[in-house]
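Please treat every number below as a calculation from the coordinates, not as lab data. These numbers were taken from a predicted model, which means no experiment stands behind them. Virtual Cβ from ideal backbone geometry, glycine too; neighbours counted across all protein chains shown.
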Amino acid sequence: MEQVLLWNSPNTKEDDRKDDSPNIELFLLDGEGIHPVMIIAPGGGYSHRASHEGYPIAKWLNSIGISAIVLNYRVAPHKHPLPLSDVQRAIRLVRYQSSHWRIDPNRLGIVGFSAGGHLASASGTHFDSGNMEAEDPIERISSRPDVMVLCYPVITMGESTHAGSKQNLLGENPSDDLIHLLSNELHINEQTPPAFLWHTADDASVDVENSFLFAKELRKNSVPFELHVFENGRHGLGLAEDHPEVKVWPRLCEKWLRKRGF
């Protein structure tokens, strides 16, 4: 496993690299040819990053023929816009390094869990095509993911939000404009990437309404999506290997990814 700093410069000294610097961890497939890739955003309420939603997800993706990259984005005390800038930078960087890492820059998706699902959905609703005037060649590249996989995601900063994620990301008493900006369901349009979503109906931490809100707006804008709501299951299940019903979600997701060319 190789770790790459997101905002590294050629003059950065090894001793200057801090443990909390945003970075990506590479889980790239061996062998000839190019592979699709998924960037993974673990959850953790924007206070930490849950380990069971990182490395195990990367190994699962590798097992189905997809290279994986775990995104260690900034969390509290860092606030918006830093996590969003980290995921956008990661997408640009992966595309920039696509030849070297033997990945297809046109088959680059993102998978996010809980608050990481908020970050993943933000990457699909707040992207740009790159700044062609930028001095840094990485910043000239599109930050739009080709697909999104959103697992029990936080979506809105409105009524159905997860209070902890909202406070950690936006701080105390955020403005109405900031709440609107980071309520990702409000920024879906016809350019939003296709999405696979799953949630449990009795999730006690992140209301299933978050997934419903996102799916409703995807449908309004004719964006392809697949939504699975399981009757019960605690929040933060990850791969859900011990849950008799929810454990099927990786197979369902794999079929959906295959359909989209991954």
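Here are a few things to note about the model shown:
- Site pair Glu241 and Ala163 shows an inter-label distance of 3.5 nm when each label is modelled 7 Å from Cα along Cα→Cβ.
- Distance-filtered residues of region 66-107 - backbone nitrogen under 15 Å, label point 7 angstrom along Ala134 Cα→Cβ: 82-98
- Only Lys, Arg (+1) and Asp, Glu (-1) charged, at Cβ; region 26-259 dipole about Cα centre in debye: 520
- A simple spin-label model places pseudo-atoms 7 Å from Cα toward Cβ; at Glu231 and Ser205 they are separated by 2.4 nm.
- Around Arg89: net Lys/Arg minus Asp/Glu count, Cβ-Cβ under 14 Å: +1
- Beta bridges from DSSP with both residues in the chain: antiparallel share about 25 percent, rounded to the nearest 5.
- Euclidean distance of C-alpha centroids, region 82-137 and region 165-208, integer Å: 18
- For the pair Ser21 and Leu186, label points projected 7 Å from Cα toward Cβ lie 3.6 nm apart.
- Cα gyration tensor, region 55-195 - rounded (a/c under 1.5), prolate or oblate: prolate
- GNM top mover of Pro42, Pro81, Pro194 - the chain, alpha-carbon springs below 10 Å: Pro81
- Taking a ≥ b ≥ c as the square roots of the eigenvalues of the Cα gyration tensor, region 40-88 is classed as oblate, since a/c reaches at least 1.5 and a/b does not exceed b/c.
- Nearest-0.05 FRET efficiency for Met1 and Ile64, computed from C-beta distance (R0 25 Å): 0.85
- If you count Lys pairs in the chain whose Cα atoms are under 29 Å apart, skipping same-chain pairs closer than 8 places in sequence, the total is 19.
- Rounded if a/c under 1.5, otherwise prolate or oblate - region 188-262, Cα gyration tensor axes: oblate
- Counted charge near Arg234, where neighbours are those whose Cβ lies closer than 10 Å (Asp, Glu -1; Lys, Arg +1): -2
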